1. Sort through A:Ala24, A:Ala71, A:Ala34 and tell me the only one that's hydrophobic (A, V, I, L, M, F, W, C), part of a loop (DSSP other than H, G, I, E, B) and open to solvent by 20 Å² or more (accessible area, probe 1.4 Å).
2. Restricting attention to the range A:50-68, which residues are in a loop (DSSP other than H, G, I, E, B) and within 11 Å of A:Leu9 (Cα to Cα)?
3. Looking at B:Asp59, B:Asp40, which one is in contact with a Lys or Arg (Cβ under 7 Å, 6 or more places away or on another chain) and either open to solvent by 30 Å² or more (accessible area, probe 1.4 Å) or in a loop (DSSP other than H, G, I, E, B) (or both)?
4. I need the full set of residues from the range B:62-73 which are open to solvent by 70 Å² or more (accessible area, probe 1.4 Å) and within 23 Å of A:Leu4 (Cβ to Cβ), in order please.
5. Kindly provide the set of residues from the range B:7-31 that are surrounded by 15 or more Cβ atoms within 10 Å (Cβ to Cβ) and in contact with an Asp or Glu (Cβ under 8 Å, 6 or more places away or on another chain), ordered by number.
6. Could you list, in sequence order, the residues of the range B:138-152 that are crowded, with 17+ Cβ neighbours inside 10 Å and within 19 Å of B:Ile92 (Cα to Cα)?
7. Can you go through A:Glu65, A:Glu41, A:Glu51 and tell me which one is within 14 Å of another protein chain (Cβ to nearest Cβ) and surrounded by fewer than 17 Cβ atoms within 10 Å (Cβ to Cβ)?
8. Given B:Tyr83, B:Tyr53, which one is open to solvent by 10 Å² or more (accessible area, probe 1.4 Å) and within 14 Å of another protein chain (Cβ to nearest Cβ)?
Amino acid sequence: MKLLYFAWLRERVGKPEEEIDPPADVATVADLIAWLKGRGEEFEYAFEAPELIRVAVDRVHVEHEAAITGAREIAMFPPMTGG
Amino acid sequence: MAATIRIQAEPFDLAAESEKLLEGRADIGALASFTGYVRDEDGRLSALELEHYPGMAEDEIGRVAAKAEARWELLGLTAIHRYGKLAPGDPIVLVIAAASHRRAAFEAAEFMMDYLKTRAPFWKKEHLKDGTTGGWVEAKDADDSALLRWEE
């Protein structure tokens with residue numbers, strides 16, 4: 001699946017997007033964040049406060065309990081500040 | 001009613017957008033518009049950079065517009081949000097709601113802005129006059145609580 005990062009999350013991770021293939025037991029957004037945190041210092045830093053991270057699965061806002069099974073595109077970002 | 005939703009780098013023109021909504025119609029009795037501008041933050045700011053999530057930004061504003069249309073009897077709705085590097089004084093966002101009567105137009109425009117600020121995937125980064133990059137603008141709790149008044 002494709003993973004996209006925006007704003008300061010993108011800066012902390014150091015790239016705007018990547019292709020990932022998490023293990024089968026990574027079933028929810030919360031699982032995915034926990035798994036990402038294990039991928040290196042930059043991810044540990046980016047996701048140090050997971051409760052701040054907003055997530056969209058296939059371009060629709062979801063909560064951290066949401067399933068990611070079958071998702072094509074998952075985006076992660078800080079709270080939005082448009083308008 | 002099909003809402004007009006655009007995400008663009010270019011400026012927009014309030015008068016032209018209003019005319020488009022009104023063209024050939026005599027049933028519209030009220031147009032309420034809101035334009036948001038970049039503040040200079042007491043002279044500190046040289047530019048505001050708006051990042052967005054292409055694809056989702058239009059989808060999400062479309063979902064917000066659909067909620068507004070379900071709630072009020074609207075005769076037209078336009079929402080335009082800019083991205084890229086904007087200077088103090090530049091317009092960022094435009095919402096225009098058209099209805100038969102003023103209350104629906106006022107309320108729908110305000111609803112659109114309250115939802116758009118907290119749901120549309122845009123982020124603001126400050127560039128300061130001293131040449132440094134300021135931080136990312138933090139989301140305000142007040143913007144989140146502004147949504148509560150629309151929930152029943």
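The values are calculated or read from the model by the stated rules, or taken from the named source; none is laboratory data. Keep in mind the model is a prediction, meaning the values are calculated, not measured. As a convention, Cβ positions derive from the backbone with ideal geometry for all residues, glycine included, and neighbour counts pool all protein chains shown. Note: areas computed on protein heavy atoms with side chains; ligands, DNA, RNA excluded. Shrake-Rupley method; radii C 1.70, N 1.55, O 1.52, S 1.80 Å.
1. On the way: A:Ala71 fails: open to solvent by 20 Å² or more (accessible area, probe 1.4 Å); A:Ala34 fails: part of a loop (DSSP other than H, G, I, E, B).
Among A:Ala24, A:Ala71, A:Ala34, only A:Ala24 is hydrophobic (A, V, I, L, M, F, W, C), part of a loop (DSSP other than H, G, I, E, B) and open to solvent by 20 Å² or more (accessible area, probe 1.4 Å).
2. So the first thing to find is which residues in the range A:50-68 are in a loop (DSSP other than H, G, I, E, B), and the list is A:53, A:58-59, A:63-66, A:68.
If the condition is that a residue be in a loop (DSSP other than H, G, I, E, B) and within 11 Å of A:Leu9 (Cα to Cα), then A:Ile53 is the only one that fits.
3. Details: B:Asp40 fails: in contact with a Lys or Arg (Cβ under 7 Å, 6 or more places away or on another chain).
It is B:Asp59.
4. Pass one, the range B:62-73, residues open to solvent by 70 Å² or more (accessible area, probe 1.4 Å): B:63, B:67, B:70-71, B:73.
B:Arg63, the sole residue that qualifies.
5. Within the range B:7-31, B:Ile7 is the sole residue that qualifies.
6. Restricting attention to the range B:138-152, the residues satisfying the condition of being crowded, with 17+ Cβ neighbours inside 10 Å are B:139, B:143, B:146.
Passing the criteria: B:Ala139, B:Asp143.
7. Values: A:Glu65 fails: within 14 Å of another protein chain (Cβ to nearest Cβ); A:Glu41 fails: within 14 Å of another protein chain (Cβ to nearest Cβ).
On inspection, the qualifying residue turns out to be A:Glu51.
8. Going through B:Tyr83, B:Tyr53 in turn, the sole match is B:Tyr83.
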